[in-house]
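Sharing a structure below in structure tokens format, with a few things to ask.
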Amino acid sequence: MANSLTQQDVENILDNPSVQELLTEIASPEKAVLDWVSSLQLLHNIPFNNIIADVRLLPVESLRFFYIDPSWTNSLIDGALSIGNATSLEVLFTDMMNDATKTLGTNGAQTLRNGLDSVLNPLEVYNPKLQAGLLLRSEIVTNWPALMIVAEYDDPKLAQTDPIRFEKVGPGILLCIFPAVPTKLEIREPGQGLEFGVQDNLTVYFRGLGTGDHPAGEQIEVDKQPASYSFKDTPNEFFRAGDKNVLNVASITNVIQTQMQKLGALEGTINPADFALQMVKTPKKVTFDPEVAFSQQNQKS
């Protein structure tokens with residue numbers, strides 16, 4: 001009968017690179033462990049004072065962008081995986097499965113929100129990448145539960161990727177985490193905010209009708225500024241005489257028609273559908289573009 005393997009023999013076998021590669025391919029950590037690792041990568045169950053150390057860093061009506069240091073989350077997961085390692089053999093096996101567990105956990109983090117598609121192949125070697133996020137503390141978080149945040153990235157694979165965490169973590173506080181560092185970001189009012197009207201300053205912003213170089217429905221720009229017309233100084237063109245609560249549709253139509261013809265965006269006369277398109281008040285959005293902000297800052301200086 002063959003002699004029993006000693007612990008040293010087992011350690012020597014497990015220390016073999018070929019054996020380690022095979023075990024990494026066939027062994028899969030328990031789902032509970034993977035879910036735990038996934039949630040840690042998205043900062044779940046992390047005390048909020050470890051994310052915002054001082055309340056003055058997130059005052060009322062503020063927005064804060066941040067990076068997630070992969071070294072920090074990597075150390076966090078290492079600490080979690082070290083729990084229960086009482087022998088050198090357990091430590092060795094944990095080290096062997098470390099990358100596989102983190103890779104599968106990363107994949108799980110991407111799909112933890114229902115309906116999200118995976119970005120990282122679960123068999124890819126674990127390679128922590130710099131992520132980013134935002135914290136928004138505002139009344140709009142409370143008043144607009146359907147608030148939308150849309151990000152753009154350098155990587156085309158991420159073009160249609162939603163934030164991997166989008167959660168209200170406190171009264172009026174929204175935490176959002178992205179799978180990579182966005183190159184551009186938009187915060188939008190809910191789509192149901194679409195209405196018929198104009199801005200408070202009685203300004204109409206013109207949209208293309210498919211004529212000339214102006215695609216239908218898109219904002220018309222002149223010198224990189226939205227083309228518009230303000231009735232603020234001529235309210236008699238906007239309201240009927242003697243009644244400031246009734247629109248002068250005929251007058252507004254004539255003004256819009258004249259301005260659209262000057263822009264080369266209209267041939268002939270304006271019809272009711274064209275008029276309605278110009279008078280739609282879309283939900284507001286705020287765009288954060290570091291390149292635009294940087295160029296504007298250089299121009300001002």
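Please count how many residues of the stretch 139-159 are under 15 Å from the mean Cα position of the chain (by Cα) and in contact (Cβ under 8 Å) with a residue 40 or more places away in the chain.
3
Within the stretch 165-207, how many residues turn out to be over 22 Å from the mean Cα position of the chain (by Cα) and among the small types (Gly, Ala, Ser)?
Within the stretch 165-207, the subset over 22 Å from the mean Cα position of the chain (by Cα) is 195-207.
Remaining after also requiring among the small types (Gly, Ala, Ser): 197.
Of the residues in that region, 1 qualify.
Output yes when any residue across the stretch 198-214 is in contact with a Leu (Cβ under 7 Å, 6 or more places away or on another chain), of a type outside the set (A, V, I, L, M, F, W, C) and in contact (Cβ under 8 Å) with a residue 60 or more places away in the chain, and no when none is. Steps first, please.
Here is the first cut: in the stretch 198-214, the ones in contact with a Leu (Cβ under 7 Å, 6 or more places away or on another chain) are 206-207, 209, 211.
The next check asks that each one be of a type outside the set (A, V, I, L, M, F, W, C); those that pass are 207, 211.
Pick out the ones that are also in contact (Cβ under 8 Å) with a residue 60 or more places away in the chain and you get 207.
Yes: one or more hits.
Return the only residue of Ser71, Ser62, Ser38 being within 22 Å of Cys176 (Cβ to Cβ), assigned by TED's automatic domain parsing to the domain that holds Pro17, buried (at least 16 other Cβ atoms within 10 Å of the Cβ) and of a type in the set (Gly, Ala, Ser). Let's see the steps before the verdict.
Working: Ser71 fails: buried (at least 16 other Cβ atoms within 10 Å of the Cβ); Ser62 fails: buried (at least 16 other Cβ atoms within 10 Å of the Cβ).
Being within 22 Å of Cys176 (Cβ to Cβ), assigned by TED's automatic domain parsing to the domain that holds Pro17, buried (at least 16 other Cβ atoms within 10 Å of the Cβ) and of a type in the set (Gly, Ala, Ser) holds for just one of Ser71, Ser62, Ser38, which is Ser38.
Just to check your reading of the model, which residue among Leu202, Leu175, Leu158, Leu185 is touching a Phe, Trp or Tyr at 6+ places or on another chain (Cβ under 6 Å) and within 30 Å of Pro47 (Cβ to Cβ)?
Details: Leu202 fails: within 30 Å of Pro47 (Cβ to Cβ); Leu175 fails: touching a Phe, Trp or Tyr at 6+ places or on another chain (Cβ under 6 Å); Leu158 fails: touching a Phe, Trp or Tyr at 6+ places or on another chain (Cβ under 6 Å).
Testing whether each residue is touching a Phe, Trp or Tyr at 6+ places or on another chain (Cβ under 6 Å) and within 30 Å of Pro47 (Cβ to Cβ) leaves just Leu185.
Which one is farthest from Leu263 (Cα to Cα), of the residues in the stretch 191-221 that are in contact with a strand residue (DSSP E or B) (Cβ under 9 Å, 6 or more places away or on another chain) and hydrophobic (A, V, I, L, M, F, W, C)?
Here the residue is Leu194.
Next question. Filter the stretch 74-90 down to the residues that are acidic (Asp, Glu) and either outside the structural domain of Leu104 (by TED's automatic domain parsing) or loosely packed, with under 13 Cβ neighbours inside 10 Å (or both) and list them by number.
At the first step, the residues of the stretch 74-90 found to be acidic (Asp, Glu) are 78, 90.
Answer for the stretch 74-90, where residues must be acidic (Asp, Glu) and either outside the structural domain of Leu104 (by TED's automatic domain parsing) or loosely packed, with under 13 Cβ neighbours inside 10 Å (or both): just Glu90.
The values are calculated or read from the model by the stated rules, or taken from the named source; none is laboratory data. Small disclaimer: the values here were computed from a predicted structure and weren't measured. Every residue, glycine among them, receives a Cβ derived from its backbone with ideal geometry; neighbour counts consider all protein chains shown.
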